[in-house]
Amino acid sequence: MALKGILFDFDGTLGNTTNLILITFHKTIKHFLNKDISDDEILKTFGLPLRDCLANVAPGIDPDAMVAYYRDYNFAHHDSLIRPFPSVQEGLAALLAADIPASVVTSKTNEMAGRGLECLNIRQYIKGIVGCYDCQKHKPDPEPMVRGAELLQLPPEDCLCVGDSPFDLLSGRAAGCKTVLVDWSSYDRKCFYDLIKPDYTIQKLKDLLPIIAENN
């Protein structure tokens, strides 16, 4: 097996949207339940489809109504709250220079993932996006990562799956990818390792290059 492509999650991996997501979640739960929940309750849902996340933290409330409210608020505040991670642009440029193509596999809509890439000025490094409406099943099912590999015209076994959530890596491993945890993940590390132990952990995005070299 040779590693020829990268399948990236977006939120918490390429784009620092943690604050945006937490604020939007709190606003949505407050609107529908008139109560506050802890950040930890929200963080444990990171990587799952939005509808499932909201249903988990607010059972009994119409999840479609919550999704609509969440997306309206998120859209309105997205550009002012999204932030870059320090090593991401440099790392993506290095991967492109090394002819390693990348796709984004996300539980966001394609529109919002594309908007995030544009806001961070990294769209040019990404070959394609697999969003929440592109699959019948979602992370941690392997289908999203299989679709991401297809965008690169590669088998999943020839790709690294890179994410900040255990659900990203569970999806990648089930698809046949080697898995990489980004060290800037907000996910509780003990809870993470209870679900999956990644093949690699990186401190900065350029650390993917020696991993690729080691496997080729």
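FYI, it's all coordinate maths here, none of it is from the lab. The structure presented is a predicted model; accordingly, all values stated were derived computationally and were not measured. Methodologically, a virtual Cβ is constructed for each residue, glycine included, from the backbone with ideal geometry; neighbour enumeration extends over all protein chains shown.
What the table shows:
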| quantity | calculated |
| --- | --- |
| Rounded D (µm²/s) - the chain, Kirkwood Rh over Cα pairs, Stokes-Einstein at 25 °C, 0.890 mPa s | 142 µm²/s |
| In nm, spacing of pseudo-spin labels at HIS31 and LYS204 (7 Å Cα→C-beta vector) | 4.0 nm |
| Burial order of peptide ranges 76-89, 138-151, 2-15 (average beta-carbon count within 10 Å, highest first) | 2-15, 138-151, 76-89 |
| Hz values of 3J(HN,Hα) by residue in segment 11-26 - Karplus curve (6.51, -1.76, 1.60), Gly and Pro given as x | 4, x, 10, 9, x, 7, 10, 4, 5, 4, 5, 4, 4, 5, 4, 4 |
| Separation of alpha-carbon centers, segment 143-157 and segment 32-68, rounded to whole Å | 29 Å |
| Built amide H within the under 5 Å cut-off of THR201, gap 5+ | LEU181 |
| Compactness relative to 2.2 N^0.38 Å, alpha carbon Rg of segment 1-61 | 1.39 |
| For ILE129, distant residues with modelled amide H under 5 Å away | VAL104 |
| On Cα atoms only, tilt of 63-81 relative to the major axis of the chain in degrees | 60 degrees |
| Too-long pairs where the Cα-Cα distance tops 23 Å, listed order kept, from LYS127/LYS204; LYS4/LYS206; LYS30/LYS139; LYS137/LYS178; LYS127/LYS206; LYS35/LYS108 | LYS30/LYS139; LYS35/LYS108 |
| Isolated Cys residues of the chain, judged by Cβ distance under 4.7 Å to other cysteines | CYS53, CYS119, CYS132, CYS135, CYS159, CYS191 |
